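J.: Shown below is the structure under consideration.
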Amino acid sequence: MAEWDGATVPTIDRLVLRRWRGDDLDPWAALNTDPEVIRHLGGAPLPRADSDAIAAWHNRVNDDEGMGLLAVERRADAAFLGMCGLHHQETYPDDVEVAWRLASQHWHQGYATEAATAWLDHAFGPLGLTRVISMTDRPNAASLAVMARLGLTFDHEALVVDDGEEFDAVVHAITADEWRARRARGRGSGNLRVWRQDVRGGSA
Ligand SMILES: CC(C)(COP(=O)(O)OP(=O)(O)OC[C@H]1O[C@@H](n2cnc3c(N)ncnc32)[C@H](O)[C@@H]1OP(=O)(O)O)[C@@H](O)C(=O)NCCC(=O)NCCS
């Protein structure tokens with residue numbers, strides 16, 4: 001298994017969603033110390049070792065479960081934009097959360113919504129999930145707006161633990177039926193062109 005193989009997961013209109021590669025780690029660490037990015041993520045710059053560990057961990061999640069918070073790359077110029085994907089958030093181990101984090105210079109272009117659309121197609125398609133959640137803190141209007149664009153609706157508020165830190169979270173959710181109905185109406189952004197269903201072990 002080539003852990004840092006960067007194998008493609010889905011390829012959509014403007015983006016390539018793929019496993020982490022070693023050359024993602026510098027720009028990933030940079031965005032994890034950008035005050036704009038970390039404002040709603042506890043506010044403290046993420047130490048380099050922790051930033052690297054997240055990427056390594058999610059390649060392993062992809063090995064094991066076919067999901068993970070993986071790299072987002074722009075197709076036109078192969079720029080690394082940030083991460084998006086599916087994982088089990090520690091407070092909700094029986095649920096799957098869709099999550100996103102992009103470098104601030106790549107905000108306001110619809111990339112998070114497009115990447116998350118592909119991941120939700122994967123969640124409710126190949127992975128066969130019946131429900132996906134997403135959470136943020138209430139002041140994170142940008143993240144709530146992504147949820148709204150995707151059709152996730154308010155589920156509940158809760159005290160959530162993330163990486164050992166507690167925060168007041170707003171939890172949104174969407175079911176497989178709701179997602180399919182939206183997609184049938186042409187909602188969501190990004191048309192899935194390629195999905196390599198088995199990227200485990202870099203074999204796809
Ligand atoms: C959350 C986050 C990913 C949202 O980024 P974003 O750029 O606002 O969201 P999108 O990528 O979906 O872009 C939507 C915007 O692009 C615009 N847009 C431009 N071209 C577009 C296109 N082709 N398709 C869709 N939207 C487009 C939309 O109108 C919208 O504009 P607005 O931001 O002025 O309202 C970003 O703020 C972030 O990384 N924050 C830090 C990390 C974080 O808080 N993560 C969530 C933790 S819970």
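J.: Test residue 156 against the stated conditions and say whether it is surrounded by 13 or more Cβ atoms within 10 Å (Cβ to Cβ) and either more than 8 Å from the ligand (Cβ to nearest atom) or not polar (S, T, N, Q) (or both). Steps first, please.
T.: Working: surrounded by 13 or more Cβ atoms within 10 Å (Cβ to Cβ): no; either more than 8 Å from the ligand (Cβ to nearest atom) or not polar (S, T, N, Q) (or both): yes.
Answer is no for this residue.
Residue-wise test of (1) surrounded by 14 or more Cβ atoms within 10 Å (Cβ to Cβ); (2) among the hydrophobic types (A, V, I, L, M, F, W, C); (3) touching a His at 6+ places or on another chain (Cβ under 9 Å).
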{"site": "63", "(1), (2), (3)": "yes, no, no"}
{"site": "77", "(1), (2), (3)": "no, no, no"}
{"site": "86", "(1), (2), (3)": "yes, yes, yes"}
{"site": "95", "(1), (2), (3)": "yes, no, yes"}
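J.: Looking at the stretch 64-118, which of its residues are away from the ligand (no atom under 12 Å from the Cβ) and acidic (Asp, Glu)?
T.: Matches in the stretch 64-118: 64, 65, 73, 77, 90, 94, 95.
J.: Within the stretch 119-152, restricting attention to residues that are assigned to a strand (DSSP E or B) and within 9 Å of the ligand (Cβ to nearest atom), which residue is surrounded by the fewest Cβ atoms within 10 Å (Cβ to Cβ)? Show your work before the answer.
T.: Of the stretch 119-152, the ones assigned to a strand (DSSP E or B) are 131-137.
With the extra rule that they be within 9 Å of the ligand (Cβ to nearest atom), the set shrinks to 134-137.
Values: 134: 27, 135: 27, 136: 22, 137: 18.
Restricting to residues being assigned to a strand (DSSP E or B) and within 9 Å of the ligand (Cβ to nearest atom), the top hit is 137.
Just so you know, all these numbers are worked out from the coordinates, no wet-lab data involved. Computed from a predicted model, the values in this text were never measured in an experiment. Here the Cβ is made from the backbone with ideal geometry for all residues, glycine too, and neighbour counts use every protein chain on show.
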